[in-house]
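S.K.: For reference, the structure I am asking about is given below.
Just so you know, all these numbers are worked out from the coordinates, no wet-lab data involved. Everything numeric in this text was worked out from a predicted model, so none of it was measured. Neighbour counts are summed over all protein chains in view; Cβ atoms, including those assigned to glycine, are modelled from backbone coordinates with ideal geometry.
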Amino acid sequence: MNFIATKLEGCFIIEPKIIIDDRGYFMESFNEKTFQKGIGQNIHFVQDNQSFSSKGVLRGLHYQVGDHAQSKLVRVLSGEVLDVAVDIRPNSKTFGQYVSALLSAENQNQFFIPKGFAHGFLVLSDTATFFYKCDNFYNKESEAGVLYSDQAINIDWGIPESQFHISEKDKVQPTLKNARKAW
C-alpha cells in the first residue's frame, strides 16, 4: 500500500497494491500493522458502516464530538464519489480548510480521516456503495455537522448544487463558525 499525506495533517489517501491477472484481481484492503505504520498512529477500528446512494446524493458534513469523536477509513465498493474532509480542530494551522479525494471501485483508493475532521461525500456515478470503518462507536448525542455549502470553507463539489440530493438534516447544518466544537 502507498500512503499519501494530504495538505491536512493526519489525512491520508491510501493506494492499494492490486494484483491483476486473467482471473481478475486481488488486493489486501486492510492490514492493521501496515495501516498503523503507514499513518503513524495506533488506530483500532470497532465499527463498519455501509451506504448505497444514487447520483447527486450528498451526505455530510458529519462528525462526532468529545469522547465519541471518530477516525474513519473510507472506500467505495461500487461507483464513484468525491470524498471531503474538513479540518475542524480548533488549534490547527489548517482549521477550516478541506481536502477532497476521488474514490471509486475502479481506483480502489481509500481515504483516512482522523478525529477532528468533518466528513462528507457526493455520489458522481449513477449509484455508489460506500463503506467505512470507525474507531469509535456511533453516539447520537455526540452527532454534529457543518453546512456543505459554507462559504467560509468554499468546497468545490465538482457539479452544480442544483444536481444535489440532500437530506433535510444536512440542509440545515450550521456553518463552521456556529458548529459544535470538536472538543
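S.K.: Can you tell which of THR129, GLN41, SER149 lies farthest toward the positive end of the dipole of the chain, using +1 and -1 charges on the Cβ of basic and acidic side chains (Lys, Arg; Asp, Glu)?
M.R.: Positive-end residue among those listed: GLN41.
S.K.: Report the GluC sites (Glu not before Pro) located in segment 95-180 that are in a DSSP loop and have at most 13 other Cβ atoms inside 10 Å of their Cβ, or state none.
M.R.: Those that pass, being in a loop and sparsely packed, are GLU106.
S.K.: What's the lysine pair count for segment 43-178 at a Cα cut-off below 17 Å, pairs eight or more apart or interchain?
M.R.: 8
S.K.: Hey, how much of the P(r) for the chain falls beyond 29 Å, as a percent of Cα pairs?
M.R.: I get 17 percent for the Cα pairs in the chain exceeding 29 Å.
S.K.: Run the numbers on the chain and let me know its relative contact order in percent, using alpha-carbon pairs under 8 Å that are six or more apart.
M.R.: Relative contact order here is 29 percent.
S.K.: What trypsin sites (Lys or Arg not before Pro) in segment 89-183 are in a loop by DSSP, with at most 14 other Cβ atoms within 10 Å of the Cβ?
M.R.: Counting only loop positions with at most 14 other Cβ atoms within 10 Å, the trypsin sites (Lys or Arg not before Pro) in segment 89-183 are LYS93, LYS181.
S.K.: If you don't mind, there's one more thing I want to ask. For segment 43-178, what is the percent of antiparallel DSSP beta bridges, rounded to the nearest 5?
M.R.: Close to 95 percent.
S.K.: Another question about this same structure. Cα centroids of segment 1-28 and segment 87-115: how far apart, whole angstrom?
M.R.: So the two Cα centres are separated by 15 Å.
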